[in-house]
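Visitor: Next up is a structure, given as structure tokens.
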Amino acid sequence: GVDVCRSRRIDRLRVELKDGTLYQLEPILQVVWRTSTKEDGGGREIVAGQKGRAGFEDGLPDVSQLNKPSAIFLSHDAKSVIICDDGNAAMRQLDTATHETSTLKGNSEEHICNSWMP
């Protein structure tokens, strides 16, 4: 199973890394935003999903797709953000270094997110 760190979770839609980098889920737009620290330029970028387009695609930010994401969590090692992708009935993983999205578990047939969420 996935080892989830609850202590760094701000709420269901936001997690923060120790360096202050913020990952924020925007369910209506189907995306995850990354806001870097002031020391890192303070920019904001989409790191998972396609703005306003639902789908199911793993990959880098320019191709990855989410469908009705509902919550995000930070893994204990802080190397990935875990996304509960309800529309795809899947747990997705966003690598915090490469911003590549991959599917950890699930498919359109099984609804695993509700039983998994802390």
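Visitor: Among the residues of the stretch 51-65, is any touching an Asp or Glu at 6+ places or on another chain (Cβ under 8 Å), surrounded by 20 or more Cβ atoms within 10 Å (Cβ to Cβ) and at pLDDT below 95?
Guide: No.
Visitor: Taking the residues in the stretch 9-20 that are free of Cβ contacts under 8 Å to residues at least 40 places away in the same chain and open to solvent by less than 60 Å² (accessible area, probe 1.4 Å) as candidates, determine which candidate is farthest from the chain's Cα centre (by Cα).
Guide: 20
Visitor: Could you say which residue among 31, 4 is at pLDDT below 85 and open to solvent by less than 40 Å² (accessible area, probe 1.4 Å)?
Guide: Numbers: 31 fails: at pLDDT below 85.
Of 31, 4, the one residue that is at pLDDT below 85 and open to solvent by less than 40 Å² (accessible area, probe 1.4 Å) is 4.
Visitor: Which ones in the stretch 66-102 are open to solvent by 40 Å² or more (accessible area, probe 1.4 Å), in contact with a helix residue (DSSP H, G or I) (Cβ under 7 Å, 6 or more places away or on another chain) and outside any loop (DSSP other than H, G, I, E, B)?
Guide: 86
The values are calculated or read from the model by the stated rules, or taken from the named source; none is laboratory data. Fair warning: this is a prediction, and the values are worked out from it, not measured in the lab. Quick reminder, even Gly has a Cβ in these numbers, built from the backbone with ideal geometry, and neighbours come from all protein chains shown. Surface accessibility is based on the protein's heavy atoms, side chains included, excluding ligands, DNA and RNA. Shrake-Rupley method; radii C 1.70, N 1.55, O 1.52, S 1.80 Å.
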